Amino acid sequence: MNIYLPIKLLIALLLFCLSFVANAQNEIPKDSISNQLLNEVVISQNKKTFTNSNGNIKVDVANSVYNSIPNPVDLLSRLPNVQVSANRENISIVGKGNPLIYIDNQRVGMNDLNALSVADIKTIEIIQNPSSKYEAEGRAVILVTRKLSKKDSFKTDISETASFKKNYNNYLGFNSSFKKGKIEWKANFNYNQLNPWENHSIGYQIPQANIVSDYDVSAVTYRKEYVFGGGLFYKINDDDYFSVNVNGRRRNDTFDINTFTYNKNQDEENNVYTFSDNSSIKNFINSFINYSKKIKAIDTKLFVGFQGSNFNQHLWSLVQNDFNETELELSQNRDQKFNVDVFSGRIDLEKKFKNEWNWEYGGLYSAAKSKSDYDVFDFDKNENTSFDYHFKEANLAAYTQLSGKIKKADFSIGLRVENTNVSGKYSTDNAFLIDRNYTNLFPKAQLSYPIDSTKSVTFDYSKSISRPNYSSLSMIATYINPYFIYGSNINLGPTFIDVISTAFQYHDKSVKLTLYQNKNPIYQDFVFDNQNNVLTFTEKNFRKESGYNIEFTLPFTYKIWTNTNSLIFATNKIEDDSALFNSSKTYLYYYSNNTFKLPKDFTFVLSFWGATKQKEGVFERNAKLIFDMSLAKSFGKSWTCTLNYNDIFKNTIYTERFTINNINSRARYLVDANEVSINLRYSFGKIKDSEFKEKSVNENENRIR
């Protein structure tokens, strides 16, 4: 089907509807619209979409075109310095790696993020120099703040998004808030019918085995997704509160994978067509209970929180192979399950002194337990392979942080100590395959000095840790063709990160210099089984990564045009004894957002981002340039309508080259990002400033996947 015809019709229909509504509004007497309603207009003329403080960028989502993007991951991919991986399972900050993700004061992960309604988001802040209160893990923080209420009120949003990519996708959302007296509750439910398309190819050579191979794989998924959440907040008095919150996501996928492979082993050549019929279920639920009380006798705030999370996945595949255009023959029946349960509890105390100094201290305990069930029947060998792998991890942490002001300078200094105990083994074994127990100290310090009312300088130092997510430590594997599989690595360990930075700010413009060194960073790895001639694509801890970034944030406003620019000159060097080191060169990342406030409450946004060619020692990645456009109009207090056109020139293509374990590879990933979407949102009721609060309990939430 020619997709351009319905797109043109859709655009014409949207413009007609907007014009019709605009004309209809002009016929309404001015007296019928009160000043109170004018405050409810979503696209505000007086609010900046982006604000900058020492390179930390805050985005006003609620009052911009970004509130029409159907899911939080797509929203983040449109923001400065944020990069979403080709498989949409990981988020990184340019030059910073994987960030911590917070929703209000709650530490969350990708599953929680996907379970959040965009209609519920007020602002997103990208914090590039987080203090020690954000735990030891991560060099950057993405802080999501929700829209909530203080006075008796209610509001409900109903949204519908029609999205045209390779295939049609539909998003239907419901979000509601209600407050009466001391009780406030929130609820959201989204039903999404999605049809994502995927394609990638990898070519590789194994000289020592005289093997040359490459494959091209594509898949179309039929997905039903249910996103839900609910929370209750009870204000005991002005200082104390109690809250309960639950959110989750249920996803059912069915998808066929089609792979075309050329493989040459010595003098034997094969052209193989692989067809696999797949179904996948992924369920996630997270719940927590928080209690906060002010102990007036010692003027100290006490917080106690408990959190429990569960993620389970069931992947079934029936694989068939056709060698050299003969016929499809059954190869494998693969049945794999993965389940992880995480429980955590924490206590925090905060005391403020008369000299405006603030002392925070507390502790946390968390425990995770996962199980991988692997059951594969091989039709060629007529044999069944099955095993259960059990993994456990316990973390015990304590921290203290002192912050305040000395004369004109603001300071923060903190120390965290963490003990981690990790074990893993097969259910049939007595001995542990993994048995680690380690304790680490993580200091952080920050000093900010105002030169005058328009200029300031900031210095930061931090030591942090990044741990692999739980599914990476499982036994789950994905069959691509008879010679290639995607696997996990139970031996992955944490990455330790040292960072020092300084920033200078003049009005709303800033420049920042960051130097860092990572010990045991995690990157891609190849493991070749020469007995079965199978190559496994997995991950491993590399020896070292180091580099520096120079970041410029340059916003300005001229009449109806508001512009935000981000430029990062980055040099990143990745080294490992098993990998071929080529060269490391500085590359440029750039981002520009241009917002135009047009007559009759129209808002037009043109944004683009890109990066020059990246050479990072081991890895070489391609240059990119991506353009997005949006046109939005709000009318009355109830309706908003937005048209989005993303990846206009179809340039979301990732290529990568590297050599590791004497295996040369080149990879190409095509992302289903070229999209035209129309969003309609209807709101009724009124929401005001909120008392609703949540706080981090589980510091490993981002690893639950």
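State whether the residues of region 308-323 include one that is in a loop (DSSP other than H, G, I, E, B) and either within 19 Å of GLU393 (Cβ to Cβ) or open to solvent by 20 Å² or more (accessible area, probe 1.4 Å) (or both). No, region 308-323 has no match at all. Scanning region 378-408 for residues that are surrounded by 14 or more Cβ atoms within 10 Å (Cβ to Cβ) and farther than 30 Å from SER423 by Cβ returns ASP378, PHE379, GLN401, LEU402, SER403, GLY404.
How many residues does region 194-229 hold that are more than 23 Å from THR652 (Cα to Cα) and assigned to a strand (DSSP E or B)? Result for region 194-229: 11.
Filter region 397-430 for residues that are hydrophobic (A, V, I, L, M, F, W, C) and within 27 Å of SER344 (Cα to Cα) and give the result. ALA397, ALA398, LEU402, ILE413, LEU415, VAL417, VAL422 - these are the residues of region 397-430 that are hydrophobic (A, V, I, L, M, F, W, C) and within 27 Å of SER344 (Cα to Cα). Of the residues making up region 231-264, those that are closer than 22 Å to ASN175 by Cβ and of a type in the set (S, T, N, Q) are SER243, ASN245, ASN247. Figure legend. Inter-residue proximity from region 213-238: first residues closer than 25 Å to PRO70 by Cα, second residues of a type in the set (Lys, Arg) and crowded, with 17+ Cβ neighbours inside 10 Å, beta-carbon distance below 6 Å, spacing 6+ or different chains. Indicated pairs: GLU225/ARG251; VAL227/ARG249; GLY231/LYS186.
Would you check if there is a residue in region 381-400 being without any contact (Cβ under 8 Å) to a residue 60 or more places away in the chain, out of contact with any Lys or Arg (no Cβ under 8 Å at 6 or more places or on another chain) and assigned to a loop (DSSP other than H, G, I, E, B)? Scanning region 381-400, I find at least one residue that is without any contact (Cβ under 8 Å) to a residue 60 or more places away in the chain, out of contact with any Lys or Arg (no Cβ under 8 Å at 6 or more places or on another chain) and assigned to a loop (DSSP other than H, G, I, E, B), so the answer is yes. Scan region 240-258 for residues that are open to solvent by 70 Å² or more (accessible area, probe 1.4 Å) and charged (D, E, K, R) and jot them down. Of everything in region 240-258, just one residue is open to solvent by 70 Å² or more (accessible area, probe 1.4 Å) and charged (D, E, K, R), namely ARG250. Taken over region 409-450, the criterion of being open to solvent by 90 Å² or more (accessible area, probe 1.4 Å) and in contact (Cβ under 8 Å) with a residue 12 or more places away in the chain is satisfied by ILE413, THR428, ASP435, ASN437, LEU441, TYR449.
Report, by residue number, each residue of region 273-307 that is open to solvent by 50 Å² or more (accessible area, probe 1.4 Å), touching a residue at least 12 places away in the same chain (Cβ under 8 Å), among the aliphatic types (A, V, I, L, M) and assigned to a strand (DSSP E or B). ILE281, ILE285, ILE289, listed by residue number. Candidates are the residues of region 512-535 that are open to solvent by 50 Å² or more (accessible area, probe 1.4 Å) and among the aliphatic types (A, V, I, L, M); the one that is farthest from GLU575 (Cα to Cα) is LEU513.
The values are calculated or read from the model by the stated rules, or taken from the named source; none is laboratory data. Keep in mind it's a predicted model, so treat the numbers as computed, not measured. For neighbour counting, all protein chains shown are included, and Cβ atoms are generated from backbone atoms with ideal geometry for every residue, glycine included. For accessibility, only protein heavy atoms count, side chains too; no ligands or nucleic acids. Shrake-Rupley method; radii C 1.70, N 1.55, O 1.52, S 1.80 Å.
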